[in-house]
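Enquirer: Can you keep this structure in mind? I'll have questions shortly.
What follows draws every value from the coordinates through simple rules; no lab data is involved. Please read all numbers here as calculations on a predicted model, not as lab measurements. Every residue, glycine as well, gets a Cβ built from its backbone with ideal geometry; the counts of neighbours run over all protein chains shown.
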Amino acid sequence: MEKYIVSEQFNSMRLDKVLVAFMNEKSRSFACKIIDDGKCFVNGKMAKPSLKVNAGDEILVDIPEDKVLDVKSEDIPLNIIYEDSDILIIDKPQGMVVHPSNGHWEHTLVNAIMHHCKDLSGINGVIRPGIVHRIDKDTSGLICVAKNDFAHNFLAEQLKDHTMSRTYVALVRGVIKENHGTINLPIGRDPRNRQKMAVTRENSKPAITNFDVLKRFENNTLIECKLVTGRTHQIRVHLSYIGFPVEGDPLYGGRSYKKLYDGGQLLTAVKLKLIHPRTKKEMEFETKLPSYFQNIIDNL
């Protein structure tokens with residue numbers, strides 16, 4: 001256990017932000033996980049990340065030791081959109097898992113970037129080096145990778161502050177009448193199926209998705225979605241809940257309809273806007289619809 005005494009400069013600050021200051025080069029998400037796991041005590045009591053601490057408070061925290069990464073690098077081709085000494089922007093293909101997990105210890109994006117980059121940020125843990133945000137296996141498109149902890153911390157704060165902009169294109173089942181819309185519904189783990197997320201008030205977090213209609217077809221709508229928050233499966237859950245599931249979605253698309261595409265959800269991350277951690281300049285990256293997606297649109 002590490003012990004810290006809160007000084008005047010941190011008076012009335014949130015506990016998670018104070019921990020970040022104490023734990024040099026660790027992210028706020030890392031601090032929140034320690035607190036949520038019950039490994040942080042303020043004046044002898046477990047606390048929440050949002051707790052406002054006072055000068056003189058005693059903080060005891062059990063900081064897990066860094067583990068040796070036991071994930072092998074693999075020479076897998078990457079579609080690199082941009083790269084410098086701090087960040088890497090990759091256009092991930094559909095079907096590629098982002099980071100290793102049970103059943104997917106090889107052929108992931110992490111295996112590939114470990115071969116491409118010898119040094120990556122370790123903030124997100126031993127199986128997610130450099131991964132600032134993730135996209136689902138069957139969602140293609142742009143993803144940002146941090147090459148060092150400095151860049152990772154900076155980008156993680158942008159995600160939390162909603163200053164990193166992520167835009168997706170989706171083909172949904174059904175015809176949306178409105179040209180624009182905002183879905184503001186909380187998302188949490190589905191109590192009936194632990195493999196799914198759901199719109200729920202229980203153990204959930206706020207989730208906001210903005211969308212614009214790009215084109216309407218007889219039975220489908222092509223839309224552009226902008227994430228305000230970044231919950232797991234957010235776009236897929238939100239669109240399914242309002243009655244316009246993403247075409248080809250095996251988890252949230254329902255079974256009582258004929259799929260246009262059996263290769264996974266027709267959802268792709270087409271734009272990514274961020275502030276560069278080193279130069280502090282705004283950068284915007286864009287990619288085209290993948291060929292399988294474009295072919296379906298052309299056929300419609």
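Enquirer: Taking amide hydrogens as modeled 1.01 Å from N in the peptide plane, which residues meet the under 5 Å criterion relative to Thr229, leaving out close sequence neighbours?
Expert: Those qualifying (amide H under 5 Å, at least 5 residues apart or on another chain) are Ile208.
Enquirer: Rg to Rh for the stretch 167-268: what is it, with Cα atoms only and Rh by Kirkwood?
Expert: Taking Rg over the Kirkwood Rh, I get 0.95.
Enquirer: If one computes P(r) from the Cα atoms of the stretch 2-61, what percent of pairs lie at distances over 14 Å?
Expert: 45 percent
Enquirer: Dipole of the stretch 167-268 (Lys/Arg Cβ +1, Asp/Glu Cβ -1, origin at the Cα centre): which of Thr167, Ala198, Gln265 lies farthest to the positive side?
Expert: Result: Ala198.
Enquirer: Which translational diffusion coefficient, to the nearest whole µm²/s, is obtained for the chain from the Stokes-Einstein equation, given a Kirkwood hydrodynamic radius over C-alpha pairs, 10 °C and 1.306 mPa s?
Expert: It comes out at roughly 76 µm²/s.
Enquirer: Over the Cα atoms of the stretch 66-161, Rg to Rh with Kirkwood Rh, two decimal places?
Expert: Here Rg/Rh amounts to 0.93.
Enquirer: Moving to a separate point now. Calculate, for Lys215 and Lys48, the FRET efficiency according to 1/(1 + (r/R0)^6) with r their C-beta to C-beta distance and R0 51 Å; round to the nearest 0.05.
Expert: 0.70
Enquirer: Now a separate question. Excluding Met164 itself, calculate the net charge of residues whose Cβ lies under 10 Å from the Cβ of Met164, where each Lys or Arg counts +1 and each Asp or Glu counts -1.
Expert: In short, +1.
Enquirer: For a Förster distance of 51 Å, can you work out the FRET efficiency between the beta-carbons of Ser12 and Asp75, rounded to the nearest 0.05?
Expert: Efficiency, rounded to the nearest 0.05: 0.50.
Enquirer: Order these peptides, 235-248, 50-63, by their mean beta-carbon neighbour count within 10 angstrom, highest first.
Expert: 235-248, 50-63
Enquirer: Using only Cα atoms, what is the ratio of the radius of gyration of the stretch 164-227 to 2.2 N^0.38 Å?
Expert: 1.28
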